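The values are calculated or read from the model by the stated rules, or taken from the named source; none is laboratory data. Owing to the predicted nature of the structure, the values given are computational and were not obtained by experimental measurement. Every residue, glycine among them, receives a Cβ derived from its backbone with ideal geometry; neighbour counts consider all protein chains shown. Accessible surface areas use protein heavy atoms only, side chains included; no ligands, DNA or RNA. Shrake-Rupley method; radii C 1.70, N 1.55, O 1.52, S 1.80 Å.
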Amino acid sequence: MSTKKRIAGLVFDCLQKAFPDTPGLPGPDEIEGFLELPPDPAMGDYAFPCFRLSKPLRKAPPMIAEALLAAVDAPEVATAAVAGGYLNFALNRENFARETLALDNTRYAATADNAAKTVCIDYSSINIAKRFHIGHLTTTMLGHSLKRIHDFLGYRTVGINHLGDWGTQFGKMICAYKRWGTKAEVETGGVDEMTRLYVRFHEEAEKAPALEDEGRAWFKRIEDGDPEALEIFGWFKDVTLKDAQRVYDKLGVTFDYYTGESFYNDKMDRVVTELTEKGLLTESEGARVVDLEAEGMPPCLILKRDGATLYATRDIAAALYRKDTFDFTKALYVVAYQQDLHFRQWFKVLEKMGYPWADDLVHVSFGMVSYEGQSLSTRKGHIIYLDELLDRAVEKARAIIEEKSPDLADKETVARQVGIGAVVYADLQNNRIKDIDFWWDRALNFDGETGPYVQYTHARCCSLLRKAEEADVLPDAALASALTDDEAQEVLRLLSRFDEVILEAASRYEPSMITRHITRLAQAYNKYYYEHRILDEDKAASAARVKLTEAVRNTMRTGLWLIGMEAPERM
RNA sequence: GCGCCUGUAGCUCAGCCGGAUAGAGCAACGGCCUUCUAAGCCGUAGGCCAAGGGUUCGAAUCCCUUCGGGCGCGCCA
C-alpha cells in the first residue's frame, strides 16, 4: 500500500473518531484525492485541506484541523500540525527512507492485465524520397518514448512506421529519373539526388506542361502493377529507407512494421463497400463523402470525383486492418496538430460505422517546428537536416570531452551518447503541444536543464558507486537514520514518486513528465552530493548513502531509457 | 467568417481535474574546485500569471467576453 493511501486511511480514521455518526463525510478514496503536497517540505510530507469538510461539519476549517489532530495516533507519522485550515503530516523519515529504498524503480510491477493488451503506435511515418529533417524529430522521438513507456508498463506494443509511399509525386519522380537520372547518381546521391530530380521535374514542367501527363502516366503504371514502374519505385523506397535507417540507428529508434500507405491499396474497397452498405456515403460536388454536419465538422472525403481514394480512406482502411491484425486496446497516432481535424473526422466515421473501438483511437498531437522564427522550407533551404543537427551536437560533445575529460576511455561513444542525448532531451522536455522554434545556440547548450546535465549526474552516481566498491562499501539501507536530513529526504520523495509519474506520462501521452522528473531528481541529488560527504569513515552510514546513490542511478537510467536516451557511465 | 490550440520573469518553459508566500533553466551580476566528476553547487536581481467580468470560503487554474499568436476549414498527405 502506498504511503499516500495509508495517510488517507489515517485521516479517515481520525474523522470517524472526531466526528462519529456524521453524514456526508468522505471515504478513504475520496480523501486520498484531497491530499496535497505542502508548498514547503518543511511543513510536512502531506497536507489535508479541511476546507472540504466545513460544509458537512458546519465548522471552520482550523477547528476541524484541531479536532483531527487530537485524534491522530499512528507510528508512521512523526508529527502532525495544524496550519490554517490544513492538517500537515510529516512522515517518520527513517521509515520513509527504508521503504523507498526497498522499491525497484528499474521495473514496473506489471499486472498480467496489461500483458494481454496491445497498443499500436504509429509514429515517424516518413515520406519516400525526402530527407529526414527536424520537422520529423518529434513524431519519431515522442512515438519511440511512448512505445518504451508502454513496454515498461507491460503492454504488448506494435510500432508502425506508416511510410508516405503513395501518390502522383512518385510517378513524376520516375518520369524525371527516366529522362535525366542515372542509377549510379541515385545510388550515391540517395535522397538528395531524388529530390534534385523532383525539383528538376517541376522546373521543366513549367516549360512543358505535357510532362505532368507523363508523370501521371507513370503513377498509373505503378497503380496497375507495371513491373518496370514497380521496380524503380521499390528501389527509390529502399534507398530512402537506407538513408533514414542511418538516422534511426543514431537515435536508437526501431519499428516493428514499415507498412506504408501503398500497403493498404488492396484494402480500400472494404471501406467504400462498408460505408455504402451502411448508408453513410453521400454524393457532394461529384465526390463521395461522409456527412458530419450533425457532428459540427466538415464532411469527410472518401472518394474523389475521379473515383480515387483519399488519405482519410487510407487511414480508415489501415485502422480496420490493424484492429483485425493486432486487436489493439489502443492505437496512438503521433502526428502534428495540423492534422487535428482530419483525425477527428475519420475517427468519427469509424464510430458511425458502428465500431465502438473508435474510442480507442488517439491522436497524440504535438506542436509545429520552425527555425529561427520562420517556417521550415526545403525549397528555400530554410531547414535543418537531422544528420547535420546530430553531427554538430556530437561534435560539440566531443570538444567538451577533450577539454574536461581528455583521459576518458571511449570518447567517441560518449560524445555520441551525449550529443544525441542533448537533442532528444530537448525534444521531449516540454509539453508536446508547444511549438518549437529551433535555434542552434539553444540546441547546442549543454548547461542547466539539459540532457547532458541529467547524464552527467547519472555518470557521477556511477563514479561514486565504483569508488564505493573499491572501498568495500556495499549499498545497504540498514542504517536509514543516516538519510533523515532534508536533502536526502527530497531525493527520496522524488524516487518514491517515480512510478506515479510514469503512469501519468502514459495516461497523458506526455513523456516530458518523465524528462522533468528525472531532471528534478538530478537537481536534488546534486544538491545532496554537495552538502553531504557520501563515503567517509562511518561504513554503515556510507552504505546507506551509497544505497541512495544506487537508487538514484537506477531511477535515472530507467528514466533516460524511457525517453529514448542513453546513460553513459563516465563522461 | 467558423473550428481547434495557445498567451505565466528579458528568453525557453513547469504549475492548469481550484487551495497555503506563482517555480525551474537560459541570459545578467556575485560567490564556491589541496575532499567522492565544476557538463556541478550557492546567492542577487527579475512576474498587475494578456485584459475585463463571473462562479467560489479560496482562481494562473473553472465559465463568459475581448485582444494577441499558431494551425485548420473538399477532391495533397
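Taken as a whole, the condition of being of a type in the set (A, V, I, L, M, F, W, C) and open to solvent by 20 Å² or more (accessible area, probe 1.4 Å) does not apply to A:LEU548.
Would segment A:527-539 turn up any residue that is in contact (Cβ under 8 Å) with a residue 60 or more places away in the chain, near RNA strand B (Cβ under 7 Å from one of its atoms) and of a type outside the set (Val, Ile, Thr)? So far as segment A:527-539 goes, yes, one or more of its residues are in contact (Cβ under 8 Å) with a residue 60 or more places away in the chain, near RNA strand B (Cβ under 7 Å from one of its atoms) and of a type outside the set (Val, Ile, Thr).
Residue check: A:TYR355 meets all listed conditions (1) near RNA strand B (Cβ under 7 Å from one of its atoms); (2) open to solvent by 20 Å² or more (accessible area, probe 1.4 Å) but one, namely (1).
Among the residues making up segment A:58-81, those that are outside any loop (DSSP other than H, G, I, E, B) and within 25 Å of A:ARG497 (Cα to Cα) are A:VAL77, A:ALA78, A:THR79, A:ALA80, A:ALA81. When A:LEU241, A:LEU211 are checked against the criterion of being open to solvent by less than 60 Å² (accessible area, probe 1.4 Å), of a type in the set (A, V, I, L, M) and within 28 Å of A:GLY419 (Cα to Cα), a single residue qualifies: A:LEU241. For segment A:457-498, the set of residues classified as over 13 Å from A:LEU521 (Cβ atoms), touching a residue at least 40 places away in the same chain (Cβ under 8 Å), open to solvent by 40 Å² or more (accessible area, probe 1.4 Å) and acidic (Asp, Glu) consists of A:ASP476, A:ASP486, listed by residue number. Does segment A:281-326 hold any residues that are within 9 Å of RNA strand B (Cβ to nearest atom) and within 30 Å of A:ARG156 (Cβ to Cβ), and which are they? The answer is A:TYR311, A:ALA312, A:THR313, A:ARG314, A:ASP315.
Considering segment A:1-41, the residues that are open to solvent by 80 Å² or more (accessible area, probe 1.4 Å) and touching a residue at least 40 places away in the same chain (Cβ under 8 Å) include one that is farthest from the chain's Cα centre (by Cα), namely A:LYS17. Screening A:CYS50 against (1) loosely packed, with under 15 Cβ neighbours inside 10 Å; (2) modelled with pLDDT of 90 or more leaves a single unmet condition, (1). Segment A:181-291 holds helices (runs of 4 or more DSSP H) entirely within its bounds, and those carrying 3 or more residues that are among the small types (Gly, Ala, Ser) map to A:210-223, A:227-251.
Residue count for segment A:295-322 satisfying the condition of being within 15 Å of A:PHE347 (Cβ to Cβ) and either among the small types (Gly, Ala, Ser) or crowded, with 22+ Cβ neighbours inside 10 Å (or both): 11. Selection within segment A:503-526: residues that are in a helix (DSSP H, G or I) and among the charged types (D, E, K, R). The member of this set that is nearest to RNA strand B (Cβ to nearest atom) is A:ARG516. The combined condition, being open to solvent by 70 Å² or more (accessible area, probe 1.4 Å), out of contact with any Cys (no Cβ under 9 Å at 6 or more places or on another chain), farther than 22 Å from A:MET571 by Cα and not in a loop (DSSP other than H, G, I, E, B), is fulfilled by A:GLU388. Selection of segment A:439-456 for residues being more than 8 Å from RNA strand B (Cβ to nearest atom) and either open to solvent by less than 20 Å² (accessible area, probe 1.4 Å) or aliphatic (A, V, I, L, M) (or both) yields A:ALA443, A:LEU444, A:GLY451, A:VAL454. Here A:ILE134, A:ILE174, A:ILE149 are screened, and the one residue that is within 14 Å of A:ALA506 (Cα to Cα) and open to solvent by less than 40 Å² (accessible area, probe 1.4 Å) is A:ILE149. Quick check on segment A:330-347. Is at least one of its residues among the basic types (Lys, Arg), assigned to a helix (DSSP H, G or I) and surrounded by 19 or more Cβ atoms within 10 Å (Cβ to Cβ)? Looking through segment A:330-347, none of the residues is among the basic types (Lys, Arg), assigned to a helix (DSSP H, G or I) and surrounded by 19 or more Cβ atoms within 10 Å (Cβ to Cβ).
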